[in-house]
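These notes concern the structure reproduced below.
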Amino acid sequence: MTWLTTTGTAGGSFAPTEAAAYFFDRLTAMSVGLNSGFRRIDTNAARLAVPRVLADAVANWTAEGTEITPTDPNADTVTATPRKLAALVYASNELVSDSNPDAQNVLSTNLARSVALKLDKAFYEGSGTAPEIRGLRNQSGIQTVSMGTNGAALTNLDPFADALGMLAEKNADGTAIVMHPRNWRTLTKIKEVTGSNKPVLIDSAGAPTEGPRRSIYGIPVHLTSQLATDETQGSATTANSMYVYQGDQVCAVMRQDANIQVDTSVAFSSDRTAVRVTLRADLVLPNPDAVVRILGVLP
């Protein structure tokens, strides 16, 4: 096992204390799933039942003075079981003593990035086999758009038009598009007409202090490297998936915010401090129709 020291390659770059106060804010900012509009539900329970309506009550035109025919909406629940995501770092006590708040800031960012990336991986592609949570790809009932029997590269925006149309047909609104960075790179190379240098898409400028804004048909585009690029689609083995969804219909259930614990005694004999971060979370989908997976996207 390796650890951080004042003389190693980290050279005073990290420190474990005083990170908890702002760790979760940073994790949230780094997580594409949480940033894309997932509905956050906090709970203190080991399991949480999230109600969902399967069919609306029926409305009927009714003559004056006649009885209104009662109907009951069809409803049930989906159960969230938050599971633990954790990271552990050791740092020499010399480093802890010699560091300053800026160094602590870097360690917090490093740990937040690690946890956020793993959380996003699970949000989108988690298997559902304990202890891993079930991600969108493996949720039953979501809608799909296929790029073909053996997959295909993106050459136009039609898959997104199809996905948004399918959501609308189910009375859902597309509020987020999530893709691998390689997909956006491909899209930005598509020209309006053959032989033209004018791209169909560009990164629009935000405020001077903001980064570029990406969108398709006015829907924000979020990029994450955590989407696998080795999915099988027919004879293709280098495919990936993209997701179009209504963010508030995807629920991130948080049993425990990111918690940082510092222990100076666990590695007493080597004069080290252990820094541990844990959180407990799950993802549930009350309305699977509010998610479309575009699958079989080739580079």
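Values in this text are rule-based calculations from the coordinates and carry no lab data. Everything numeric in this text was worked out from a predicted model, so none of it was measured. Neighbour counts run over all protein chains shown; Cβ positions are idealised from the backbone, glycine included.
Here are some notes:
- Segments 286-298, 264-276 sorted - mean Cβ within 10 Å per residue, highest first: 286-298, 264-276
- The calculated FRET efficiency for Thr149 paired with Asp248, based on their beta-carbon distance and R0 = 35 Å, is about 0.55.
- In summary, the lysines within cross-link reach of Lys189, defined as a Cα separation below 19 angstrom excluding same-chain residues under 8 places away, comprise Lys198.
- Distance between the pseudo-spin-label points of Ser196 and Ala49 (7 Å out from Cα toward the beta carbon): 5.6 nm.
- Computed lengthening from Asp42 to Thr188, 0.36 nm per intervening residue step minus Cα-Cα distance: 48.7 nm
- Cα gyration tensor of region 232-292 - equivalent ellipsoid semi-axes, whole Å, descending: 40, 21, 7
- The Rg/Rh ratio for region 117-192 is 1.00, where Rg is the radius of gyration of the alpha carbons and Rh is the Kirkwood radius.
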